[in-house]
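As structure tokens, the structure follows; a few thoughts come after it.
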Amino acid sequence: MPTFPSPIVSRLPDVGTTIFTVMSALANEYNAINLSQGFPDFDCPALLLDRVIHHMKSGHNQYAPMTGVAPLREAIAEKVKNLYGRAYDPQSEITVTAGATQAIYTAVAAMVHPGDEVIVFEPVYDSYVPAIQLAGGKPVYVRLKFPDYHIDWDEVAALVTPRTRMIMINTPHNPTGSVFSAADMEALIKIVAGTNIVIVSDEVYEHIVFDGLRHESAARYPELAERSFIVSSFGKTYHVTGWKIGYCLAPKELMTEFRKAHQFIVFTCNTAVQFGLADFMQEKSHYLGLSAFYQQKRDFFLKAIEGSRFTPLPSSGTYFQLLHYDAITEEPDTDFAKRMTRDAGIASIPISVFYRDGEDNQVVRFCFAKGEKTLLEGAARLCRI
């Protein structure tokens, strides 16, 4: 095998293999139930597959427009207008992306200059900080308050400086399952008023909010919409994480910059899938019923682990449930998660990996986007710990 002959000065010296890859590999090695990585073990709606296959057979197999096929951008605009009351121009303000991670990376690459500061909230999803660092920016951290993971907005305001270029928010929040309230959005409005700060609003779980709560999209608030890149994911909404299709909304001035980067990062996305999604988006009942679908799964999982020694923390959105294990062991969460995988046959994600300093509150994350048989067996194994 060839070997590079010179030392490499890494742009990301502190980055290794993601915890999702590590825990999924460990689950495979020990034949464990994998409730770690966030993907369903059930398939997408049959009609969606039918529409994608139809468009493949109809010859939609060449490059799509860089911005995405028009029917899909128009369907996105209609959905956003109906749900959040905000009109986006499909021609100039909506871009289809190769998943949400690409959209987030592109927004950062387009807007963050070397030395710019970007505020993120810990525990922070693992793709945000590397994107900032590759752009030459400086991540500035605000810690969500354990155990309900709320935000102290006074802390956020105190961290804003003339170098603050961007604030990255995520609601519903991965990995904690917390959601922003209207009061959170109003606090954010006050902080960015009169500044040139842009917002990346990661809303990939927009349709998975529980207990009668409302998803507080940045699109609902004109003072935020005017400065926000809003990112969503068809993978999360339609159980097709492997398709890697998402989209970004932004006012024309911001989207112009976004597309300059987008065209050289990925250029375009799968054509037949885009047409199939455009057709299936007319079936509004799927995404409108997604919160109830996943709330039933959350409640089913929680009921099944009632006999365990774990303490559930509130999950108000996403398809993740955090469990506090302080009554079981004092082990660090990464060690405990690996031991559970090896010895109990159940894989999870330790939350400390989402903190730059590894803060450990003895919490692990489980994905309940699984069938009832999988959840029952996973819960039975947790009850034996």
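The values are calculated or read from the model by the stated rules, or taken from the named source; none is laboratory data. None of these values were measured; they are calculated from a predicted model. Note that each Cβ is placed from the backbone with ideal geometry, even for glycine, and that neighbours are counted across all protein chains shown. Calculation scope for accessible area: heavy atoms of the full protein, side chains included, ligands and nucleic acids excluded. Shrake-Rupley method; radii C 1.70, N 1.55, O 1.52, S 1.80 Å.
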Given R298, R309, which one is in a loop (DSSP other than H, G, I, E, B) and either open to solvent by 10 Å² or more (accessible area, probe 1.4 Å) or within 28 Å of P71 (Cβ to Cβ) (or both)? R309
State all residues of the range 56-80 that are free of Cβ contacts under 8 Å to residues at least 24 places away in the same chain and under 14 Å from P251 (Cα atoms); if no residue qualifies, say none. A77
Could you tell me whether the range 192-207 includes any residue that is in contact with a strand residue (DSSP E or B) (Cβ under 6 Å, 6 or more places away or on another chain), of a type in the set (V, I, T) and without any contact (Cβ under 8 Å) to a residue 60 or more places away in the chain? yes
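Okay, residues lined up against (1) more than 15 Å from the chain's Cα centre (by Cα); (2) surrounded by fewer than 23 Cβ atoms within 10 Å (Cβ to Cβ); (3) farther than 29 Å from H324 by Cα; (4) of a type in the set (D, E):
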position: P147; (1), (2), (3), (4): yes, yes, no, no
position: M168; (1), (2), (3), (4): no, no, no, no
position: T171; (1), (2), (3), (4): no, no, no, no
position: A193; (1), (2), (3), (4): yes, yes, yes, no
position: I208; (1), (2), (3), (4): no, no, no, no
position: P222; (1), (2), (3), (4): yes, yes, yes, no
position: E253; (1), (2), (3), (4): yes, yes, yes, yes
position: R259; (1), (2), (3), (4): yes, yes, yes, no
Taking the residues in the range 1-22 that are at pLDDT 90 or above and not in a loop (DSSP other than H, G, I, E, B) as candidates, determine which candidate is most open to solvent (accessible area, probe 1.4 Å). T21
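Kindly provide the set of residues from the range 46-65 that are part of a loop (DSSP other than H, G, I, E, B) and open to solvent by 30 Å² or more (accessible area, probe 1.4 Å), ordered by number. Give the derivation first.
Narrowing the range 46-65 to residues part of a loop (DSSP other than H, G, I, E, B): 58-65.
Answer for the range 46-65, where residues must be part of a loop (DSSP other than H, G, I, E, B) and open to solvent by 30 Å² or more (accessible area, probe 1.4 Å): S58, G59, H60, N61, Q62, Y63, P65.
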Residue check for Q321: over 30 Å from E226 (Cβ atoms) and either of a type in the set (V, I, T) or part of a strand (DSSP E or B) (or both): yes
Would you call E257 touching a residue at least 24 places away in the same chain (Cβ under 8 Å) and not aliphatic (A, V, I, L, M)? yes
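For A337, indicate whether it is in contact with a strand residue (DSSP E or B) (Cβ under 8 Å, 6 or more places away or on another chain) and closer than 27 Å to K236 by Cβ. Explain how you work it out, then say what you get.
Values: in contact with a strand residue (DSSP E or B) (Cβ under 8 Å, 6 or more places away or on another chain): yes; closer than 27 Å to K236 by Cβ: yes.
The answer is yes for A337.
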Might you let me know whether the range 211-219 holds any residue that is buried (at least 18 other Cβ atoms within 10 Å of the Cβ), out of contact with any Asp or Glu (no Cβ under 6 Å at 6 or more places or on another chain), over 30 Å from D41 (Cα atoms) and not small (G, A, S)? no
Given the options I104, I197, I189, name the one that is of a type in the set (A, V, I, L, M), over 21 Å from the mean Cα position of the chain (by Cα) and open to solvent by less than 10 Å² (accessible area, probe 1.4 Å). I197
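Tell me, which residue of the range 193-231 that is among the polar types (S, T, N, Q) and assigned to a loop (DSSP other than H, G, I, E, B) is farthest from Y88 (Cα to Cα)?
In this case the residue turns out to be T195.
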Filter the range 69-90 down to the residues that are assigned to a loop (DSSP other than H, G, I, E, B) and either in contact with a Ser or Thr (Cβ under 6 Å, 6 or more places away or on another chain) or acidic (D, E) (or both) and list them by number. D89
Taking D326 as meeting all but one of (1) open to solvent by 10 Å² or more (accessible area, probe 1.4 Å); (2) among the charged types (D, E, K, R); (3) farther than 23 Å from V179 by Cα; (4) in contact with an Asp or Glu (Cβ under 9 Å, 6 or more places away or on another chain), write down the number of the exception. (4)
Working carefully through the options A272, A183, find the one that is open to solvent by 20 Å² or more (accessible area, probe 1.4 Å), modelled with pLDDT of 95 or more and hydrophobic (A, V, I, L, M, F, W, C). A183
Any residue in the range 327-341 that's over 15 Å from F310 (Cα atoms) and assigned to a helix (DSSP H, G or I): show its pairings with residues that are open to solvent by less than 50 Å² (accessible area, probe 1.4 Å) and not β-branched (V, I, T) at Cβ separation under 6 Å, as long as the two are six or more apart or on different chains. T334/P350; T341/L26; T341/A27; T341/A32; T341/A347
A107, sole failed condition from (1) assigned to a loop (DSSP other than H, G, I, E, B); (2) at pLDDT 95 or above: (1)
Qualifying residues in the range 373-384 (those that are within 18 Å of Q37 (Cα to Cα) and of a type in the set (A, V, I, L, M, F, W, C)) - the one surrounded by the fewest Cβ atoms within 10 Å (Cβ to Cβ): L376
Checked the range 342-372 for anything outside any loop (DSSP other than H, G, I, E, B), open to solvent by 30 Å² or more (accessible area, probe 1.4 Å) and within 17 Å of P123 (Cβ to Cβ); matches are V353
